[in-house]
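Here, each number is a calculation from the coordinates, and none is a lab measurement. Because the structure is a prediction, the values reported are computed rather than measured. Ideal geometry is used to build each Cβ from the backbone, glycine not excepted, and the neighbour counts take in all protein chains shown.
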Amino acid sequence: MATSFSSLPVVDVSALKAPQLTPEDTNALSKQLYDVFATTGFAYLVNSPLTFNHDEIFGLAREFFSIPLDQKMRLAKKTFRPGHHNTYRGYFPTQPHLASDNLKEGFEIGNPAINHAVPPKCTKKINLSEANVWPESGLFEKRERLEEMYNELQAFASQLLSLLAVSLRKDADYFSSWLDGSLSTLRLLHYPPVPQVQAQQQETGPVKLSCTPHTDSGIITLLHQDSTGGLEVLNASGEWVPAPYIPSSIVVNIGDLMASVSGGRFTATMHRVRAPPPTCPPSGDSFGRFSIPFFFEPGEACVVSPLNGVGESVVYGEHVRKKMATWVEFQDDSGYDTGATEDM
């Protein structure tokens with residue numbers, strides 16, 4: 001259960017830059033992570049081993065979302081383009097007609113290696129293990145770099161998972177089998193600014209949201225957020241605590257799966273995103289807010305059981321499909337129209 005925190009803690013993970021953690025660093029970091037995930041469920045990580053910075057990753061996001069909408073819709077999921085074959089990876093547009101408080105567009109990729117292998121046959125409506133789809137190279141030149149970012153984030157998250165195992169008094173490799181066929185997702189998100197009239201109403205009316213209150217489904221989430229702000233985390237007193245941008249930091253939070261496996265020792269904390277204002281710093285333009293979450297997830301067939309033996313085991317693919325039923329980007333949206341349907 002989250003405590004009545006008033007800000008998110010900061011954890012320095014510079015020790016993870018070393019080729020191998022010392023026993024002292026392992027114990028210190030695992031204890032820090034245990035403490036923050038048992039109290040707030042959220043933290044800022046600083047001095048990570050990642051080779052890319054915020055300017056690079058947000059420049060890449062801006063480049064993608066600047067692609068004309070008709071071209072982005074060529075990558076749209078089957079939900080939005082019935083003639084397309086991609087059901088899980090790809091692009092989704094904003095859906096103001098379905099949810100006026102969930103205004104975001106996004107582009108998602110999974111394991112880049114799936115592009116070079118024959119994916120398993122899937123009889124489900126949503127194929128969680130499908131290959132990625134990409135814009136034409138002339139429209140988006142950064143595919144290779146985005147794939148490199150995915151692989152780095154997967155490796156970094158795996159290091160954190162080992163530390164969580166140690167914090168729960170297990171061997172460092174206790175959860176390694178979870179990552180066979182990992183379904184981790186790297187998602188680029190763009191939250192357009194609210195119209196001026198709505199921004200004025202927001203000053204006196206109910207809070208305008210771009211993303212409604214929720215918890216994440218997987219192991220942990222790693223989030224790069226820009227300086228626009230808007231992320232808020234719910235504490236035990238029912239207060240929404242702002243989680244503002246801290247330069248060169250990554251926000252990390254526990255997902256439902258890890259909270260369950262920990263036997264309730266870790267908490268998956270509710271969070272939301274306020275709609276960005278009409279003009280967002282630092283550029284002074286009106287493009288809105290960017291955020292890039294990395295959802296660290298096990299394989300589809302992974303059987304996950306609570307460590308304390310209390311509660312039922314779940315198959316991750318079944319777990320995430322149930323959670324997916326509540327996600328607006330997977331709702332029936334056959335009425336969405338931005339042009340002619342094109343097969344992939």
Seminar exercise, completed: Per the rule of 0.36 nm per residue minus the C-alpha distance, extending residue 7 to residue 180 adds in nm 58.7 nm
Exercise. Hey, which of these cross-link pairs are over 20 Å Cα-Cα: 78/322; 17/142; 170/323; 72/208; 77/125; 124/322?
Worked result: 17/142; 170/323; 72/208
Exercise. Mind checking Rg over Rh on segment 10-330, alpha carbons, Kirkwood formula for Rh?
Worked result: 0.95
Seminar exercise, completed: Heads up, segment 31-181 by the C-alpha gyration tensor (a ≥ b ≥ c square roots of eigenvalues; a/c under 1.5 rounded, else a/b over b/c prolate, else oblate) looks prolate
Seminar exercise, completed: Contour minus Cα-Cα span, residue 46 to residue 115, at 0.36 nm per residue, comes to 21.6 nm
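Please compute the volume of the convex hull spanned by the alpha-carbon atoms of segment 1-60 and report it per residue in Å³.
Numbers: hull volume 5.9 nm³, N = 60.
With only Cα atoms used, segment 1-60 gives 98 Å³ per residue.
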Problem set entry | Theoretical FRET efficiency, 1/(1+(r/R0)^6), r = Cβ-Cβ of residue 69 and residue 152, R0 30 Å, to 0.05 | 0.50
Seminar exercise, completed: Note: residue 172 to residue 126 extended length (0.36 nm per residue) minus current alpha-carbon separation gives 13.3 nm
